[in-house]
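Data first, discussion second: the structure below is written as C-alpha coordinates.
The values are calculated or read from the model by the stated rules, or taken from the named source; none is laboratory data. All values reported here derive from a predicted model rather than from experimental measurement. So basically every Cβ, Gly included, is an ideal-geometry build from the backbone, and we count neighbours across all protein chains shown.
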Amino acid sequence: MKKLREVARRTGGPKKGAISELVDAALKEHLREVEARSVRQEFRASRGDLVVARAGSLRELALLLEKRGISPRDVLIESSIPLPASTKTGLRRHID
Amino acid sequence: MSGFVGLVPAFRLRLRNIPLKTEYPSNGSIEAIVDTGYEGFLAVPSSIFRAVRLDEIVTRQAVVEVADGRRLQSEVAYGTVELDGVKGEFDGPVETLAGLGEVLVGVRLLSEFRFTLDYCTRAVSVNPCR
(Lines give C-alpha, C1' and ligand atoms only; values in the text may rest on other atoms or scores of the structure.)
Protein backbone atom coordinates (compact mmCIF):
# COMPACT_ATOMS: atom_id res chain seq x y z
CA MET A 1 0.00 0.00 0.00
CA LYS A 2 2.90 2.34 0.81
CA LYS A 3 4.46 1.64 -2.59
CA LEU A 4 1.09 2.20 -4.27
CA ARG A 5 0.80 5.61 -2.60
CA GLU A 6 4.35 6.50 -3.66
CA VAL A 7 3.73 5.54 -7.29
CA ALA A 8 0.36 7.34 -7.31
CA ARG A 9 2.06 10.47 -5.97
CA ARG A 10 4.78 10.24 -8.63
CA THR A 11 2.42 9.65 -11.54
CA GLY A 12 -0.76 11.43 -10.54
CA GLY A 13 0.49 14.11 -8.17
CA PRO A 14 -1.34 15.01 -4.98
CA LYS A 15 -4.77 15.06 -6.60
CA LYS A 16 -7.62 13.06 -5.14
CA GLY A 17 -8.32 9.79 -6.89
CA ALA A 18 -4.72 9.18 -8.05
CA ILE A 19 -4.67 5.72 -6.45
CA SER A 20 -8.01 4.80 -8.03
CA GLU A 21 -6.70 5.88 -11.45
CA LEU A 22 -3.58 3.77 -10.97
CA VAL A 23 -5.57 0.69 -9.89
CA ASP A 24 -7.96 1.23 -12.80
CA ALA A 25 -5.08 1.43 -15.30
CA ALA A 26 -3.42 -1.69 -13.85
CA LEU A 27 -6.67 -3.65 -14.01
CA LYS A 28 -7.31 -2.60 -17.62
CA GLU A 29 -3.79 -3.64 -18.59
CA HIS A 30 -4.19 -7.00 -16.84
CA LEU A 31 -7.56 -7.66 -18.50
CA ARG A 32 -6.06 -6.76 -21.91
CA GLU A 33 -3.27 -9.30 -21.35
CA VAL A 34 -5.70 -12.03 -20.23
CA GLU A 35 -7.87 -11.35 -23.30
CA ALA A 36 -4.86 -11.47 -25.64
CA ARG A 37 -3.87 -14.83 -24.15
CA SER A 38 -7.33 -16.29 -24.64
CA VAL A 39 -7.35 -15.51 -28.38
CA ARG A 40 -6.98 -18.92 -29.96
CA GLN A 41 -4.11 -19.38 -32.35
CA GLU A 42 -5.04 -20.66 -35.80
CA PHE A 43 -2.71 -22.39 -38.24
CA ARG A 44 -3.12 -22.12 -42.00
CA ALA A 45 -1.55 -24.13 -44.78
CA SER A 46 -1.43 -22.33 -48.11
CA ARG A 47 -0.24 -22.94 -51.64
CA GLY A 48 0.38 -19.60 -53.29
CA ASP A 49 -2.61 -17.43 -52.42
CA LEU A 50 -4.87 -20.40 -51.76
CA VAL A 51 -5.45 -21.52 -48.17
CA VAL A 52 -5.84 -25.31 -48.36
CA ALA A 53 -6.40 -26.04 -44.66
CA ARG A 54 -6.96 -24.26 -41.35
CA ALA A 55 -6.88 -25.69 -37.83
CA GLY A 56 -6.41 -24.78 -34.20
CA SER A 57 -3.21 -26.78 -33.80
CA LEU A 58 -0.43 -28.22 -35.93
CA ARG A 59 -1.66 -31.72 -35.07
CA GLU A 60 -5.15 -30.97 -36.43
CA LEU A 61 -3.66 -29.22 -39.46
CA ALA A 62 -1.42 -32.22 -40.24
CA LEU A 63 -4.46 -34.51 -40.02
CA LEU A 64 -6.44 -32.32 -42.42
CA LEU A 65 -3.56 -32.23 -44.92
CA GLU A 66 -3.23 -36.01 -44.74
CA LYS A 67 -7.00 -36.49 -45.28
CA ARG A 68 -6.90 -34.20 -48.30
CA GLY A 69 -3.82 -35.92 -49.73
CA ILE A 70 -1.69 -32.77 -49.57
CA SER A 71 2.00 -33.12 -48.81
CA PRO A 72 3.13 -30.86 -45.94
CA ARG A 73 6.25 -30.15 -48.01
CA ASP A 74 4.13 -28.39 -50.66
CA VAL A 75 2.46 -25.83 -48.42
CA LEU A 76 3.49 -22.84 -46.35
CA ILE A 77 2.34 -23.23 -42.75
CA GLU A 78 1.62 -19.97 -40.95
CA SER A 79 0.02 -18.89 -37.71
CA SER A 80 -2.65 -16.26 -37.08
CA ILE A 81 -0.12 -14.72 -34.68
CA PRO A 82 2.12 -12.85 -37.11
CA LEU A 83 5.78 -13.75 -37.20
CA PRO A 84 7.80 -10.64 -36.36
CA ALA A 85 10.31 -9.62 -39.03
CA SER A 86 12.98 -9.58 -36.37
CA THR A 87 13.36 -10.78 -32.80
CA LYS A 88 15.85 -9.78 -30.16
CA THR A 89 17.93 -12.08 -28.04
CA GLY A 90 20.34 -11.50 -25.20
CA LEU A 91 20.84 -8.76 -22.67
CA ARG A 92 19.30 -5.37 -23.40
CA ARG A 93 21.34 -2.23 -22.86
CA HIS A 94 18.46 -0.54 -21.04
CA ILE A 95 15.16 -1.48 -19.43
CA ASP A 96 12.15 -0.38 -21.53
CA MET B 1 11.28 -31.80 -15.62
CA SER B 2 12.64 -28.33 -15.12
CA GLY B 3 15.49 -27.07 -12.97
CA PHE B 4 18.76 -25.21 -13.11
CA VAL B 5 21.94 -25.61 -15.11
CA GLY B 6 24.30 -23.87 -12.72
CA LEU B 7 22.28 -20.73 -11.98
CA VAL B 8 20.42 -20.73 -15.28
CA PRO B 9 16.85 -22.08 -15.39
CA ALA B 10 16.32 -24.86 -17.91
CA PHE B 11 13.63 -27.22 -19.17
CA ARG B 12 13.79 -30.66 -20.66
CA LEU B 13 11.72 -30.91 -23.83
CA ARG B 14 10.95 -32.77 -27.03
CA LEU B 15 10.53 -31.03 -30.37
CA ARG B 16 8.06 -32.43 -32.91
CA ASN B 17 7.47 -31.87 -36.58
CA ILE B 18 3.97 -33.32 -36.59
CA PRO B 19 3.24 -32.90 -40.34
CA LEU B 20 6.31 -35.03 -41.16
CA LYS B 21 5.82 -37.34 -38.14
CA THR B 22 9.29 -36.77 -36.70
CA GLU B 23 10.52 -35.77 -33.28
CA TYR B 24 13.78 -34.92 -31.58
CA PRO B 25 15.19 -36.63 -29.72
CA SER B 26 13.63 -39.92 -30.74
CA ASN B 27 13.95 -41.08 -27.12
CA GLY B 28 13.89 -38.96 -23.98
CA SER B 29 14.33 -35.21 -24.04
CA ILE B 30 16.90 -32.47 -24.53
CA GLU B 31 17.97 -29.66 -22.25
CA ALA B 32 16.79 -26.17 -23.18
CA ILE B 33 18.00 -22.97 -21.56
CA VAL B 34 15.40 -20.41 -20.53
CA ASP B 35 16.39 -17.10 -22.11
CA THR B 36 14.04 -14.31 -21.03
CA GLY B 37 15.96 -11.91 -23.26
CA TYR B 38 14.93 -13.88 -26.34
CA GLU B 39 11.62 -12.69 -27.77
CA GLY B 40 10.97 -15.78 -29.90
CA PHE B 41 9.41 -19.18 -29.12
CA LEU B 42 12.22 -21.71 -29.52
CA ALA B 43 15.66 -21.50 -31.11
CA VAL B 44 17.65 -24.63 -31.90
CA PRO B 45 21.04 -25.43 -33.43
CA SER B 46 20.87 -26.20 -37.15
CA SER B 47 21.73 -29.87 -36.45
CA ILE B 48 18.48 -30.25 -34.45
CA PHE B 49 16.46 -28.24 -37.02
CA ARG B 50 17.65 -30.71 -39.67
CA ALA B 51 17.27 -33.80 -37.45
CA VAL B 52 13.58 -33.03 -36.88
CA ARG B 53 13.31 -32.27 -40.62
CA LEU B 54 11.96 -28.75 -40.17
CA ASP B 55 14.25 -27.80 -43.06
CA GLU B 56 12.16 -30.08 -45.32
CA ILE B 57 8.98 -28.04 -45.03
CA VAL B 58 8.60 -24.55 -46.46
CA THR B 59 10.45 -22.20 -44.13
CA ARG B 60 10.49 -18.44 -43.67
CA GLN B 61 13.48 -16.16 -43.32
CA ALA B 62 13.63 -13.81 -40.34
CA VAL B 63 16.20 -11.70 -38.51
CA VAL B 64 17.51 -12.21 -34.99
CA GLU B 65 19.20 -9.28 -33.32
CA VAL B 66 21.84 -10.58 -30.95
CA ALA B 67 23.18 -8.90 -27.81
CA ASP B 68 26.01 -7.02 -29.53
CA GLY B 69 23.60 -5.51 -32.04
CA ARG B 70 24.45 -7.77 -34.97
CA ARG B 71 21.46 -8.80 -37.09
CA LEU B 72 21.64 -12.45 -38.12
CA GLN B 73 19.48 -14.26 -40.65
CA SER B 74 17.39 -17.08 -39.21
CA GLU B 75 15.29 -19.82 -40.77
CA VAL B 76 11.84 -20.37 -39.24
CA ALA B 77 9.29 -23.21 -39.40
CA TYR B 78 6.42 -24.10 -37.10
CA GLY B 79 7.01 -26.92 -34.64
CA THR B 80 5.51 -28.45 -31.53
CA VAL B 81 7.10 -28.56 -28.10
CA GLU B 82 6.34 -30.92 -25.25
CA LEU B 83 7.94 -30.12 -21.89
CA ASP B 84 8.86 -32.91 -19.50
CA GLY B 85 6.39 -32.99 -16.63
CA VAL B 86 3.92 -30.57 -18.28
CA LYS B 87 0.69 -31.78 -19.82
CA GLY B 88 0.00 -30.66 -23.37
CA GLU B 89 1.69 -29.65 -26.60
CA PHE B 90 2.65 -26.11 -27.55
CA ASP B 91 2.89 -24.97 -31.17
CA GLY B 92 5.01 -22.07 -32.32
CA PRO B 93 7.79 -20.80 -34.55
CA VAL B 94 11.06 -22.69 -34.22
CA GLU B 95 14.10 -20.98 -35.60
CA THR B 96 17.71 -21.71 -36.24
CA LEU B 97 20.65 -19.48 -36.94
CA ALA B 98 24.31 -19.99 -37.68
CA GLY B 99 26.50 -20.46 -34.64
CA LEU B 100 23.75 -21.34 -32.19
CA GLY B 101 25.06 -24.12 -29.95
CA GLU B 102 22.20 -24.69 -27.52
CA VAL B 103 18.42 -24.86 -27.38
CA LEU B 104 16.84 -21.60 -26.19
CA VAL B 105 13.34 -21.23 -24.79
CA GLY B 106 12.10 -17.71 -25.48
CA VAL B 107 9.40 -15.58 -23.94
CA ARG B 108 6.81 -16.46 -26.61
CA LEU B 109 6.86 -20.06 -25.35
CA LEU B 110 7.15 -18.94 -21.71
CA SER B 111 4.02 -16.80 -22.11
CA GLU B 112 1.99 -20.03 -22.18
CA PHE B 113 2.94 -20.75 -18.56
CA ARG B 114 2.89 -19.61 -15.00
CA PHE B 115 6.64 -19.90 -14.53
CA THR B 116 8.12 -19.52 -11.04
CA LEU B 117 11.77 -19.43 -10.09
CA ASP B 118 12.89 -19.90 -6.50
CA TYR B 119 16.63 -19.41 -6.25
CA CYS B 120 16.54 -19.97 -2.46
CA THR B 121 15.49 -23.58 -2.90
CA ARG B 122 16.68 -23.96 -6.51
CA ALA B 123 13.15 -24.85 -7.53
CA VAL B 124 11.45 -24.16 -10.85
CA SER B 125 7.73 -24.63 -11.37
CA VAL B 126 5.93 -24.54 -14.70
CA ASN B 127 2.16 -24.75 -15.14
CA PRO B 128 0.15 -23.96 -18.28
CA CYS B 129 -1.88 -20.72 -18.11
CA ARG B 130 -5.02 -22.64 -19.09
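For this structure, a couple of remarks:
- Tally, over segment A:60-73, of residues that are more than 8 Å from chain B (Cβ to nearest Cβ) and surrounded by 12 or more Cβ atoms within 10 Å (Cβ to Cβ): 5
- Segment B:118-128, residues that are over 30 Å from B:Ile57 (Cα atoms) and loosely packed, with under 15 Cβ neighbours inside 10 Å: B:Asp118, B:Tyr119, B:Cys120, B:Thr121, B:Arg122, B:Ala123, B:Ser125, B:Asn127
- Residue tally, condition within 12 Å of another protein chain (Cβ to nearest Cβ) and under 14 Å from the mean Cα position of the chain (by Cα), over segment B:78-101: 14
Condition check ((1) on the phi < 0 side of the Ramachandran plot; (2) at pLDDT below 95; (3) surrounded by fewer than 14 Cβ atoms within 10 Å (Cβ to Cβ)) across all residues:
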| position | (1), (2), (3) |
| --- | --- |
| B:Val8 | yes, yes, yes |
| B:Ile18 | yes, no, no |
| B:Ala32 | yes, no, no |
| B:Phe41 | yes, no, no |
| B:Ser46 | yes, no, no |
| B:Ile57 | yes, yes, no |
| B:Glu65 | yes, yes, no |
| B:Asp68 | yes, yes, yes |
| B:Arg71 | yes, yes, yes |
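- Output for segment B:39-79, where each listed residue is among the charged types (D, E, K, R) and within 20 Å of A:Gln41 (Cβ to Cβ): B:Glu39, B:Arg60
- The condition (being under 17 Å from B:Gly79 (Cβ atoms) and part of a loop (DSSP other than H, G, I, E, B)) is satisfied by just one residue among B:Ser47, B:Ser26: B:Ser26.
- Residues of segment B:50-67 satisfying the condition of being facing chain A (nearest Cβ under 8 Å) and in a strand (DSSP E or B): B:Arg60, B:Ala62, B:Val63, B:Val64, B:Glu65
- Any hit, segment B:68-77, residues being away from chain A (no Cβ under 14 Å), β-branched (Val, Ile, Thr) and closer than 21 Å to B:Ile18 by Cβ: no
- Considering segment B:102-111, the residues that are more than 9 Å from chain A (Cβ to nearest Cβ) and in a strand (DSSP E or B) include one that is surrounded by the most Cβ atoms within 10 Å (Cβ to Cβ), namely B:Val105.
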